[in-house]
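Peer 1: One structure, pasted below without further comment.
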Amino acid sequence: MRRPAIFIIITKRRLYFLMIAIVALILIATYVASGLQRTISVYFFNALEGKTIAIDPGHGGIDGGTHFGDDILEKHINLEISLRLKKELENEGATVIMTRDSDVSLDDHINNGSRHREDLNERVRIINSSEADIFISIHANCIKNTGRQGPIVFYHGNSEESKKIAELLQRNLNRLSAYEKQDIKPGHSATKGDYFILNNTSAPGVIVETGFISNELDRRLLLDGKHQREIVELIIQGVIEYFDQ
Ligand SMILES: [Zn+2]
């Protein structure tokens, strides 16, 4: 039996749905392709190509930072982790600017105010003139309470971008395998900090306190190359996630 009128109506409807389906498919395909392109570029090319990152290894030279006994000085731990971070960031295609890459303080470049303030001023000057997309300042904690452990990432309270970086880095650093293996959950949250570097830099950035040298486990971990490499890997993971969002 022939029903031409109904047939035409159905065809028009189908055509309508077909058009919607095609548009939807094109949109989905574009979305998947761009995601795929990103995935391919992350795995096969340099994920941080075109990004400039400033690394600030805390203290140095006459300023040892915090310490445990006479042998374990924060400045050395900061520099070791920072140099590893520099190398791995460059492997990901980033341009890296260091405020220092050896055991020096930066206070003899400018000649006004206190030595400590001069050092901090010079760090801020290097970061601001580097036109870095972000900066990462590396430190280690030391407090009286020897039970406290684990990394804490600090950001300036008025900088939304710094907060995003801090939260991504903190989330990744909370996965450090040494704590997971011992079923310890330091699990700190990214924290607002009132620090000179955070308050005076133009680019978004964070201070990473990599652990507590006042804590027995952290002290051992912070001196361990394998653990330092993992800290670096997790920081980079967070940095890639930040630029990827
Ligand atoms: Zn420090």
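Peer 1: Considering only the stretch 166-221, how many residues are in a helix (DSSP H, G or I), among the charged types (D, E, K, R) and in contact (Cβ under 8 Å) with a residue 40 or more places away in the chain?
Peer 2: So the count comes out to 4.
Peer 1: Hey, another quick one. Got at least one residue in the stretch 159-168 being buried (at least 18 other Cβ atoms within 10 Å of the Cβ) and within 16 Å of the ligand (Cβ to nearest atom)?
Peer 2: No: zero hits.
Peer 1: Could you tell me whether K75 is at pLDDT 95 or above, within 30 Å of T146 (Cβ to Cβ) and assigned by TED's automatic domain parsing to the domain that holds I231?
Peer 2: It is true that K75 is at pLDDT 95 or above, within 30 Å of T146 (Cβ to Cβ) and assigned by TED's automatic domain parsing to the domain that holds I231.
Peer 1: Based on this model, can you work out whether A94 counts as within 16 Å of the ligand (Cβ to nearest atom), modelled with pLDDT of 95 or more and among the small types (G, A, S)?
Peer 2: So A94 does not fit the description; no.
A quick yes/no check of all residues on (1) in contact with a Pro (Cβ under 9 Å, 6 or more places away or on another chain); (2) assigned by TED's automatic domain parsing to the domain that holds S130; (3) at pLDDT 95 or above:
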residue: Q170; (1), (2), (3): yes, yes, yes
residue: N174; (1), (2), (3): yes, yes, yes
residue: S177; (1), (2), (3): no, yes, yes
residue: K185; (1), (2), (3): no, yes, no
residue: D194; (1), (2), (3): no, yes, yes
residue: L223; (1), (2), (3): no, yes, yes
residue: E233; (1), (2), (3): no, yes, yes
residue: V239; (1), (2), (3): no, yes, yes
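Peer 1: Also, I was wondering about something else. With respect to I55, is the statement that it is assigned by TED's automatic domain parsing to the domain that holds L223, within 16 Å of the ligand (Cβ to nearest atom), touching a Ser or Thr at 6+ places or on another chain (Cβ under 7 Å) and closer than 20 Å to L198 by Cα true?
Peer 2: Yes, satisfied.
Peer 1: Return the residues of the stretch 188-245 that are more than 14 Å from the chain's Cα centre (by Cα) and surrounded by 21 or more Cβ atoms within 10 Å (Cβ to Cβ); say none if nothing qualifies.
Peer 2: If the condition is that a residue be more than 14 Å from the chain's Cα centre (by Cα) and surrounded by 21 or more Cβ atoms within 10 Å (Cβ to Cβ), then I197, L198, T201, G211, F212, I213, N215, D218, R219, L221, L222 are the ones that fit.
Peer 1: Identify the single condition in (1) at pLDDT below 95; (2) part of a helix (DSSP H, G or I); (3) more than 26 Å from S202 (Cβ to Cβ); (4) of a type outside the set (V, I, T) that D70 does not satisfy, given that it satisfies every other one.
Peer 2: Going through the list (1) at pLDDT below 95; (2) part of a helix (DSSP H, G or I); (3) more than 26 Å from S202 (Cβ to Cβ); (4) of a type outside the set (V, I, T), D70 breaks only (2).
The values are calculated or read from the model by the stated rules, or taken from the named source; none is laboratory data. Just so you know, these numbers come straight off a predicted model, no measurement behind them. Backbone-built Cβ (ideal geometry, glycine too); neighbour counts: all protein chains shown.
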